[in-house]
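What follows is a single structure, written as structure tokens, with notes after it.
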Amino acid sequence: MNEKSFEYIVSACLAGEECRYDCKAKPQKRVIDLVNEGKALSVCPEQMGGLPTPRPATEEVQTLVFKNEDGTDVTKEFLKGATEASLLAKSHNVQTALLKSKSPMCGYGKVYDGNFSGNLTEGNGLFSRMLEQLGIKIEEVD
Ligand code: SF4
């Protein structure tokens, strides 16, 4: 089966979808244009993992353990969403990802440190890590 190819995969919140934990979007014109031109596939891996919107903020509290601010463990949902979104990227021959900065799922280069303190640390979100393993180039968009 031939899947349509997309040059890019993008964080849906950058494409204007109100899919963030706080039900807001972070629209970026470059990303919206790529989606409208049919060059970019827009995904929200947290929603794909079955998490609702709005939802509590999540951080990676230990390596590969993701928890909400209220202590609920959402690692299973994170793994499901990141895996499904990565498989979509692979099956559509994506070359480049434009991902929302600082997110525990999409962040690249720096993410929140797991203490819900607002402090950042070096690291990548779960989806970014999976895309990197597939050899997809990642650009962080703030
Ligand atoms: Fe945006 Fe990614 Fe968070 Fe979804 S998971 S709201 S696409 S940063």
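The values are calculated or read from the model by the stated rules, or taken from the named source; none is laboratory data. All values reported here derive from a predicted model rather than from experimental measurement. Every residue, glycine as well, gets a Cβ built from its backbone with ideal geometry; the counts of neighbours run over all protein chains shown. In case anyone asks, the SASA skips ligands and DNA or RNA and just uses the protein heavy atoms, side chains included. Shrake-Rupley method; radii C 1.70, N 1.55, O 1.52, S 1.80 Å.
Values computed for the structure shown
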| quantity | calculated |
| --- | --- |
| Free-standing Cys, the chain [no other Cys Cβ under 4.7 Å] | C13, C23, C106 |
| Integer Hz, Karplus 6.51/-1.76/1.60 couplings in order for segment 112-117, x for Gly and Pro | 5, 7, x, 9, 6, 9 |
| Sequence-distant residues sharing a close amide H with V141 (under 5 Å, placed H) | L99, K100, S101 |
| Integer Hz, Karplus 6.51/-1.76/1.60 couplings in order for segment 71-80, x for Gly and Pro | x, 5, 7, 10, 4, 4, 5, 4, 5, 4 |
| Evaluated over segment 98-142, the Cα radius of gyration and Dmax, each in Å | 10.0, 32 |
| 222 nm mean residue ellipticity, helices alone, for the chain (DSSP H n ≥ 4; -39,500 (n - 2.57); rounded to 500) | -7500 deg cm²/dmol |
| Among beta bridges that DSSP assigns inside the chain, antiparallel share in %, nearest 5 | 40 percent |
| Links that overshoot a 28 Å alpha carbon limit, given the list K39/K76; K4/K100; K76/K110; K80/K102; K29/K137; K4/K67 | K39/K76; K4/K67 |
| Segment 8-141: relative contact order in percent, alpha carbon pairs under 8 Å with at least 6 residues between | 22 percent |
| Net +/- balance of residues flanking L79 in space, Cβ distance below 13 Å, scoring K and R +1, D and E -1 | -2 |
| Along principal axes, Cα extents of segment 1-66, largest first, whole Å | 36, 29, 19 |
| Estimated D of the chain in µm² per second, where Rh is the Kirkwood radius over Cα pairs and Stokes-Einstein applies at 25 °C, 0.890 mPa s | 165 µm²/s |
| Within the accessible area of the chain (1.4 Å probe), percent carbon and sulfur | 48 percent |
